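Working notes, structure below.
The values are calculated or read from the model by the stated rules, or taken from the named source; none is laboratory data. Model, not experiment: these values are computed from the prediction. In this analysis, Cβ positions are derived from the backbone assuming ideal geometry, glycine residues included, and neighbour counts consider all displayed protein chains. We work out accessible area using only protein heavy atoms, side chains counted, and drop any ligands, DNA or RNA first. Shrake-Rupley method; radii C 1.70, N 1.55, O 1.52, S 1.80 Å.
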Amino acid sequence: MKNLMIFMSLVLLTLGCNTTPPTETDLYIYLDFTEGQDYSHQLTEDLDSYAELLKVAENGSPNFGKVKIFPLYDLGSARGKTVKLKKGKSEFEANKFLRQKEVDKFKGELLTSLLEINEKYTGTALNNSHLIKPISKGMQKLNKSNADNKVVLIYSDMLENSPIANFHGKSSNTKDWQMRIDKACDPKDVSDLEIFVIYPVDKKNDGKITKAAEFWKDYFAAKGADDDTFRFETEIDL
């Protein structure tokens, strides 16, 4: 009996050593309201994708983290909301049913916060679009985070229209834009970040959005991003 207990203890110890520890994710979500956009349907539809980005889509996952939500509008700073999910217990301590209830509660709180911000800012088109400055500030903050995964999710056409750069103008001096952005709000190194830009299908501005995609891809590549860590798409493709 004593030998059996020793054997079982060694087995459990070995399994415990092989268990992958929970990972922490910081997810920053930016919502561009400069055209009075309404994201209510899209946010509800994408809720499961946020869980995947936080790596808690698997039933009973102990992974954890926080989501910060920022509105983008005609000011260079954005005040948002934060929703947190606490770390789950290890595989041998955890009750998967209870953990899933915690994750589901978190998802509900996250959706509520997203829809509250959407309701507050939707409906009014604005003359200016201050996009890159608040986004860069967030990237700078994420660079200081100790999280295992750092994700930036931006719902926007990324057509900056501010004193920094005007993507709606007739001329497009990309080198000048790059210098102005760096001077105003250089995000510096983004090699540790995963960046998703989710842009709208917009026939009127399709050409401008295509050029913007090329510009931002080159801009963030110079800061350390590559094709795997920077994506400019119409939906979250995981």
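Remark: the Cα gyration tensor places segment 190-238 in the oblate category, a/c being 1.5 or greater and a/b not exceeding b/c.
Pairs from the table (K68/K133; K66/K107; K89/K144; K170/K208) lying more than 20 angstrom apart at Cα are K89/K144. Label-to-label distance, L47 versus D148, with points set 7 angstrom from Cα along the beta-carbon direction: 2.6 nm. An oblate overall shape is assigned to segment 140-222, the ratio a/c of its alpha-carbon gyration tensor axes (a ≥ b ≥ c) being 1.5 or greater and a/b not exceeding b/c. Take the Cα of S172, go 7 Å toward its beta carbon, and the backbone nitrogen atoms of segment 206-234 under 12 Å from that spot belong to 206-218. Note on the chain: GNM, Cα springs under 10 Å; of P187, P134, P21, the largest mean-square fluctuation is that of P21.
Couplings 3J(HN,Hα) of segment 194-203, computed from phi: 10, 10, 10, 10, 9, 9, x, 6, 9, 4 Hz, in residue order, whole Hz [Karplus 6.51 cos²θ - 1.76 cosθ + 1.60, θ = phi - 60°; x for Gly and Pro].
Counting only protein heavy atoms and using a 1.4 Å probe, the accessible area of T23 comes to about 40 Å².
Calculate for the chain the 222 nm mean residue ellipticity that helices alone would give, adding -39,500 (n - 2.57) per DSSP H run of length 4 or more and normalising by residue count, nearest 500 deg cm²/dmol.
-13000 deg cm²/dmol
Alpha carbon centre of segment 47-82 versus segment 178-238: separation in Å? Between the Cα centres of segment 47-82 and segment 178-238 lies a distance of 19 Å. Local charge for F230 was computed over the other residues whose Cβ lies under 11 Å away, with Lys and Arg +1 and Asp and Glu -1, and equals -3. Loop-located trypsin sites (Lys or Arg not before Pro) across segment 45-84 with a Cβ neighbour count of 15 or fewer within 10 Å are R79, with loop assigned by DSSP.
Accessible area per residue, 1.4 Å probe, Å², for the chain: what's the number?
Computed with neighbouring chains in place, this is 57 Å² per residue.
First check a/c for segment 82-149, with a ≥ b ≥ c the square roots of the eigenvalues of its C-alpha gyration tensor; if it is under 1.5, answer rounded, and if not, answer prolate when a/b is larger than b/c or oblate otherwise. Oblate shape, in that a/c is at least 1.5 and b/c is the bigger or equal ratio.
For segment 157-176, the residues whose amide N sits under 14 Å from a probe point set 7 Å from the Cα of D74 along the beta carbon direction are 161-163. The length gained on full extension between K96 and T82, counted as 0.36 nm times the residue separation minus their Cα-Cα distance, comes to 2.5 nm. Near A147: Cβ cut-off under 15 Å, other residues only, Lys/Arg at +1 and Asp/Glu at -1. The net charge is +4. Computed with a 1.4 Å probe over protein heavy atoms only, the accessible area of M179 comes to about 120 Å².
Ranked from the most accessible area to the least, with a 1.4 Å probe and all protein chains present, what is the order of H168, H41, H130?
Greatest to least solvent exposure: H41, H168, H130.
For segment 86-238, the Kirkwood radius over C-alpha pairs fed into Stokes-Einstein at 10 °C and 1.306 mPa s yields D = 89 µm² per second.
Using a 1.4 Å probe on the protein heavy atoms, what percent of the accessible area of the chain belongs to carbon and sulfur?
Heavy-atom surface of the chain belonging to carbon and sulfur, 1.4 Å probe: 50 percent.
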